[in-house]
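The values are calculated or read from the model by the stated rules, or taken from the named source; none is laboratory data. No experiment lies behind these values; they were computed from the predicted model shown. Neighbour counts are summed over all protein chains in view; Cβ atoms, including those assigned to glycine, are modelled from backbone coordinates with ideal geometry.
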Amino acid sequence: MRDVAVSFGGIVALDGVSFDLHPGLIAGLIGPNGAGKTTLFNCLSRYYTPSSGDILFDGSSILAKPPHQIAHLGIGRTFQNLALFRSLSVLDNVKIGGHCRSRSDYLSDALRLPWTGRTEASLDLRSREIVAYLGLDGVLDRRVADLPFGTQKRVELARALASSPRLLLLDEPACGLNHEEVGALSTSIRQIRDDLDVTILVVEHHMNLVMSISDRVIALNFGRKIAEGVPAQVQQDAQVISAYLGAGHA
Amino acid sequence: MPAPSEEMMEAIAEPAVPEVSAPRLVGHRSVIFATLAIALVLPFLVQSFLTFQLTLVLVYAIAIIGLNLLTGFNGQFSLGHSAFYALGAYVAAMLMDKVNFPYAATLPVAGIACFVFGFLFGLPALRLEGVYLALATFALAVATPQILKLSPLEYWTGGVQGIVISKPDAPYGLPLTQDQWLYFFTLLVTVIMTLLAHNLVASRTGRAMMAIRDNPTAARSMGINIALYKSLTFGVSALYTGVAGALGAIVVQFVAPDSFTFFLSITLLVGLVVGGVGWIPGAFFGGAFVLFVPNFAESISKGLSGAVYGVMIILLIFMLPTGAAGLVRAVTQRLRGQNIR
């Protein structure tokens with residue numbers, strides 16, 4: 001994957017933000033509430049169309065693509081407040097994650113043509129591997145709605161991985177998790193990057209987590225980028241400190 | 001206390017055992033074969049009027065499966081399925097009446113006509129959700145009987161009089177009455193349609209349909225083309241209901257505009273809820289309910305049959321909020337529990 005340049009202008013939520021993501025690195029996106037982090041994510045998922053600027057992935061603009069083709073491009077995501085298919089099993093949720101990496105059509109599926117069986121078998125195998133990879137085998141056939149919050153968050157991660165993303169967007173993955181779960185999460189995020197060779201962009205309020213896992217950190221405030229660099233550098237940045245603690249502390 | 005602790009361990013370990021689905025599948029299959037066997041001998045054991053009614057149960061079941069694909073699996077509401085049923089019925093009746101089409105060949109034509117109509121109706125309906133979609137489809141249901149009565153179409157539709165069709169005989173000199181033959185013919189179509197619907201919901205397409213129902217935003221992020229699946233599902237749902245309508249016309253030997261009012265849509269919806277939303281075999285429970293229970297209500301009180309029927313529906317919803325699906329689930333769970341011991 002080549003650099004992703006993001007720049008918007010003219011809209012209040014994001015005001016001319018630009019940055020590059022380098023392949024194989026974990027980037028943390030921080031900023032106080034309302035800084036525009038989720039807006040930025042939603043632009044990357046094509047829920048919002050920026051009024052100006054462009055988003056390049058692999059050298060071509062994603063703005064020409066409809067939202068449902070973003071997964072095909074290799075951009076996967078999780079959601080801040082879970083967005084799972086609640087009435088379905090863990091395995092089915094993960095299989096739906098693999099939708100964009102499998103093929104079938106309405107008629108062949110209804111007639112259960114032989115080739116759809118092979119598609120289904122390989123999707124099933126891959127989904128089970130991902131479920132096992134994230135330690136969810138114990139709840140494979142359970143309905144997602146019946147699982148504890150922390151487990152549901154892992155299911156979302158598994159579902160995102162099933163789309164074989166090259167860029168993985170994690171929207172507040174630590175939100176609502178307890179201390180131990182946060183520890184396990186930071187281990188898994190790094191492991192996912194190492195094992196699957198995926199670029200990860202994390203939006204997170206949990207500073208310890210962001211600073212410990214990120215290779216680079218980008219700080220936003222009021223829709224503008226106020227700092228970018230390695231974690232230690234951003235942590236010391238006067239603007240970042242003032243954004244978080246208030247102007248008096250700068 | 002070694003004994004209880006062992007028992008407890010078993011109880012704790014039990015939910016984690018993944019093979020729970022295997023015995024259920026075997027049980028499932030034997031239940032299906034038993035039901036089919038009963039269905040095959042039934043018309044030789046009962047009177048011809050009951051055979052005729054059972055045929056109608058199957059016809060309703062096909063229509064309810066169609067509605068279930070749309071509402072139960074894809075989360076789109078429809079109060080307009082009487083229109084698709086009517087279209088299927090009229091296509092079949094007109095083909096037989098005007099161009100002497102063989103009755104069996106009218107089914108695919110009716111199905112395809114309804115698919116196209118349903119798909120096209122589904123396109124603008126994409127912008128509507130929940131109660132708004134229900135209203136749009138309601139309009140379709142209300143308009144249909146009047147359109148069928150229009151005088152410019154009278155040559156084809158027979159206007160208010162409708163169309164009378166003759167009942168087909170059993171082919172190849174089979175020793176079956178007309179009612180028995182139509183029952184078996186309908187049963188064959190029902191089995192095929194049920195199998196196709198079962199395949200569909202268990203497939204990648206079916207999961208995409210359910211993903212859209214559960215969470216459209218997330219579904220789109222998973223690469224699911226919502227517009228495509230929603231409009232295709234609308235078409236396929238209409239196809240099922242249209243085939244049911246065509247079969248219904250052949251079985252009843254008559255089509256008329258006032259058989260396809262808005263009330264038919266509600267009847268199908270009642271059948272869907274009674275059978276269990278999102279459970280394919282529920283259609284047979286639902287079909288039997290909407291055919292037999294109103295008659296039963298009438299036998300209790302002629303003057304208040306509607307009220308009795310209403311009370312029965314309310315009681316049923318209180319006792320079985322998830323329809324026949326919930327009852328069957330509870331029974332199988334109990335049976336499985338006994339098998340383990």
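When every residue of the stretch A:170-177 is checked against the conditions, at least one turns out to be assigned to a loop (DSSP other than H, G, I, E, B), at positive phi, touching a His at 6+ places or on another chain (Cβ under 7 Å) and among the acidic types (Asp, Glu). Within the stretch A:48-85, being assigned to a loop (DSSP other than H, G, I, E, B), at the interface with chain B (Cβ under 9 Å from one of its Cβ atoms) and either surrounded by fewer than 16 Cβ atoms within 10 Å (Cβ to Cβ) or free of Cβ contacts under 8 Å to residues at least 24 places away in the same chain (or both) holds for one residue alone: A:Pro66.
Restricting A:Leu169, A:Leu88, A:Leu161 to residues that are within 8 Å of chain B (Cβ to nearest Cβ), buried (at least 20 other Cβ atoms within 10 Å of the Cβ) and among the aliphatic types (A, V, I, L, M) narrows the list to A:Leu88.
One residue stands out among those in the stretch B:204-225 that are within 7 Å of chain A (Cβ to nearest Cβ) and among the hydrophobic types (A, V, I, L, M, F, W, C): the one that is farthest from A:Gly117 (Cα to Cα), which is B:Ala218. Under the condition of being charged (D, E, K, R), assigned to a loop (DSSP other than H, G, I, E, B) and either without any contact (Cβ under 8 Å) to a residue 24 or more places away in the chain or farther than 27 Å from A:Gly74 by Cβ (or both), the residues counted in the stretch A:135-169 number 2.
Among residues of the stretch A:128-142 being within 12 Å of chain B (Cβ to nearest Cβ) and among the acidic types (Asp, Glu), the one that is farthest from A:Ser87 (Cα to Cα) is A:Asp137. When residues in the stretch A:92-113 are screened for being within 20 Å of the chain's Cα centre (by Cα) and either facing chain B (nearest Cβ under 8 Å) or surrounded by fewer than 19 Cβ atoms within 10 Å (Cβ to Cβ) (or both), 7 of them pass. Selection over the stretch B:312-336 of residues that are among the β-branched types (Val, Ile, Thr), surrounded by 13 or more Cβ atoms within 10 Å (Cβ to Cβ) and assigned to a helix (DSSP H, G or I) gives a count of 4. Scan the stretch B:218-253 for residues that are under 21 Å from the mean Cα position of the chain (by Cα) and not in a helix (DSSP H, G or I) and the total you get is 1. Just to be sure before I move on: is B:Ala125 closer than 25 Å to B:Asn225 by Cα, at pLDDT below 85 and out of contact with any Pro (no Cβ under 6 Å at 6 or more places or on another chain) in the structure I sent? Criteria met by B:Ala125.
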